[in-house]
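Report on one structure; see the data block that follows.
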Amino acid sequence: MPELAINGGPAAAEALKLPEWPRLTETSRQYVTESLESGRWCRTTGGEFCDRLEEAFAAYHDVETAIAVSNGTTAIELALRACGVQPGDEVVVPSYSFIASASAVPCVGAVPRFVDTDPETYNIDLDHLEEVITDRTVGVVGVHFAGYTMDMDRLLPIIEEHDLFLIEDAAHAQGSEWRGEKVGTFGDFGTFSFQESKSLPSGEGGIVTTDDTVLADRARTMANIGRRQGTVDYYHHFLASNRRLSELQAALALAQLEKLDDENRIRERNEEVLLAELESIDGIATKPRDDRITARGYCIENFRYDADAFGGLHRDRFIEALVAESVPVSEGYQLPLYRQPAFYRNEVARFLPRGTEVPDYPNLHLPGTEEICRTNVTYSHKLLLADEAGIRSVAEAVRKIRANVDELLE
Ligand SMILES: Cc1ncc(COP(=O)(O)O)c(C=O)c1O
């Protein structure tokens, strides 16, 4: 009689019910309706929701300026351009992330330098960072991966010592903190995404944060096709793209921001329960607790799977078995970014000044990143909004697979 759901047994996590995402709240409906009825759907015609979103987001982060933009990818490109990246400059980028964290760099004409990943935290490996920096390096894009804050005590002195700019890609980290301060406020810029799967969704959308008034002024103009915000003439100070967020999306993002902290508190409580359960299972490695991370934001979450502790069962087969037990997990980002076809030499070269030497990215070997690609298991922040019985059933499903692993090895 098979026990495992993948072999026809009952699913261990039947009780796990994920909430609908994104959530259409009354406030979301109200703000979007107000925006629709105002007849001003675009910021340049005098709508108010982009202003309100920026004020609320800046206040939430205790930062001088927030600039609403059309998505999280364009937010990174804007930050790079505002930091003054020149064609052929080198910028250090993560090798384990969504591609935008790295692809934004060649998209503005600069050379990405991949840094390894710390498999314990999934953040950039700060020992390796020091090795990757050269005299052509002008800055670093670092991701607070899955909302787990980068070690700012170690990162900031490295940035300062080498006189680099820092862009914190906080697309996964809406609400995360380091020693009581929100992420996205430590570097020259923080960048955020409001894409639908994120914990602060507006369909598409994004925002950049900065405390630097000169950078803020430049970024604002650059986000508005080179035109000073608030002006309606056709005077354009420099060449730049249109990266503006629409009023309707700003209205939606504002409503979603207002519920972020309440939802993060639920996620944090549930994560505590889940981690306590998972930590007790041999072969499952969760991220370390770090008291300096005083609040967690959420997007995806991860743990590492050790096949040896499961009789040699391949990670992908483990994931299939867990999905069959009604736990929605996946292998996450399958490839190190430097192995993506987008980073083949010819492809990157198209974006760089003629004659720029392009590293042979696909032949890089960064052990931390490759270990994560082999062992990672990803789940969504939505799971952490389930009820406690559902959360506990995730660990029950993992234990069940471990106890019955022979069924899968035969
Ligand atoms: C870490 C990270 N950076 C940047 C982005 C890009 O955001 P967007 O999809 O809004 O362009 C994403 C989106 O998934 C992301 O996960």
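The values are calculated or read from the model by the stated rules, or taken from the named source; none is laboratory data. Everything numeric here is computed off the predicted structure, so don't read it as measured data. Cβ placement follows ideal geometry from the backbone for every residue including glycine, while neighbour counts extend to all protein chains displayed. The accessibility values were calculated without ligands, DNA or RNA, using every heavy atom of the protein model including side chains. Shrake-Rupley method; radii C 1.70, N 1.55, O 1.52, S 1.80 Å.
Laid out as a table, the results:
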| item | result |
| --- | --- |
| Criterion (in contact (Cβ under 8 Å) with a residue 12 or more places away in the chain, more than 20 Å from the chain's Cα centre (by Cα) and within 30 Å of SER35 (Cβ to Cβ)) met by exactly one of ARG267, ARG315, ARG244 | ARG244 |
| Filter result (of a type in the set (A, V, I, L, M) and open to solvent by 60 Å² or more (accessible area, probe 1.4 Å)) within region 184-241 | VAL214, ILE225, VAL232, LEU239 |
| Positions within region 204-221 being out of contact with any helix residue (DSSP H, G or I) (no Cβ under 6 Å at 6 or more places or on another chain) and not acidic (Asp, Glu), in sequence order | THR213, VAL214, ALA216, ARG220, THR221 |
| Positions within region 45-66 being open to solvent by 50 Å² or more (accessible area, probe 1.4 Å) and among the polar types (S, T, N, Q), in sequence order | THR45 |
| Helices (runs of 4 or more DSSP H) wholly inside region 1-97 containing at least 2 residues that are among the charged types (D, E, K, R) and more than 17 Å from ALA216 (Cα to Cα) | 26-38 |
| Odd one out for GLU279 among (1) open to solvent by 60 Å² or more (accessible area, probe 1.4 Å); (2) within 22 Å of ASP169 (Cβ to Cβ) | (2) |
| Cβ-Cβ under 6 Å pairs, at least 6 apart or on other chains, region 149-171 side more than 16 Å from the ligand (Cβ to nearest atom), far side at pLDDT 95 or above and open to solvent by 10 Å² or more (accessible area, probe 1.4 Å) | MET152/PHE186; ARG154/LEU126; HIS162/ILE133; PHE165/CYS83; PHE165/ASP188 |
| Odd one out for GLY139, checked against (1) out of contact with any Cys (no Cβ under 9 Å at 6 or more places or on another chain); (2) open to solvent by less than 10 Å² (accessible area, probe 1.4 Å); (3) in a strand (DSSP E or B) | (1) |
| Tally of residues being buried (at least 19 other Cβ atoms within 10 Å of the Cβ) and outside any strand (DSSP E or B) across region 296-331 | 15 |
| Residue count, region 173-183 (criterion: open to solvent by 10 Å² or more (accessible area, probe 1.4 Å) and either within 14 Å of the ligand (Cβ to nearest atom) or not small (Gly, Ala, Ser) (or both)) | 4 |
| Some residue of region 320-334 being without any contact (Cβ under 8 Å) to a residue 60 or more places away in the chain, touching a Cys at 6+ places or on another chain (Cβ under 7 Å) and within 27 Å of HIS144 (Cβ to Cβ) | yes |
| Pairs, first without any contact (Cβ under 8 Å) to a residue 60 or more places away in the chain and closer than 16 Å to VAL140 by Cβ in region 174-197, second open to solvent by 10 Å² or more (accessible area, probe 1.4 Å) and away from the ligand (no atom under 11 Å from the Cβ), C-beta under 7 Å, six or more apart | PHE186/LEU156 |
| Which listed residue, of GLN195, GLN229, is within 11 Å of the ligand (Cβ to nearest atom), in a loop (DSSP other than H, G, I, E, B) and of a type outside the set (A, V, I, L, M) | GLN195 |
| Tally, over region 355-387, of residues that are among the small types (Gly, Ala, Ser) and either surrounded by fewer than 16 Cβ atoms within 10 Å (Cβ to Cβ) or under 22 Å from LEU129 (Cβ atoms) (or both) | 2 |
| Residue list for region 198-211, filter: within 18 Å of GLU55 (Cβ to Cβ) and either at pLDDT below 95 or more than 9 Å from the ligand (Cβ to nearest atom) (or both) | LEU200, SER202, ILE207, VAL208, THR209, THR210, ASP211 |
| Residue count, region 102-125 (criterion: in a helix (DSSP H, G or I) and surrounded by fewer than 19 Cβ atoms within 10 Å (Cβ to Cβ)) | 1 |
| Cβ pairs under 9 Å, 6+ apart, first in region 282-298 and more than 29 Å from GLN256 (Cα to Cα), second loosely packed, with under 12 Cβ neighbours inside 10 Å | GLY283/ASP308 |
| Check on CYS83, in contact with a Gly (Cβ under 9 Å, 6 or more places away or on another chain) and surrounded by 14 or more Cβ atoms within 10 Å (Cβ to Cβ) | yes |
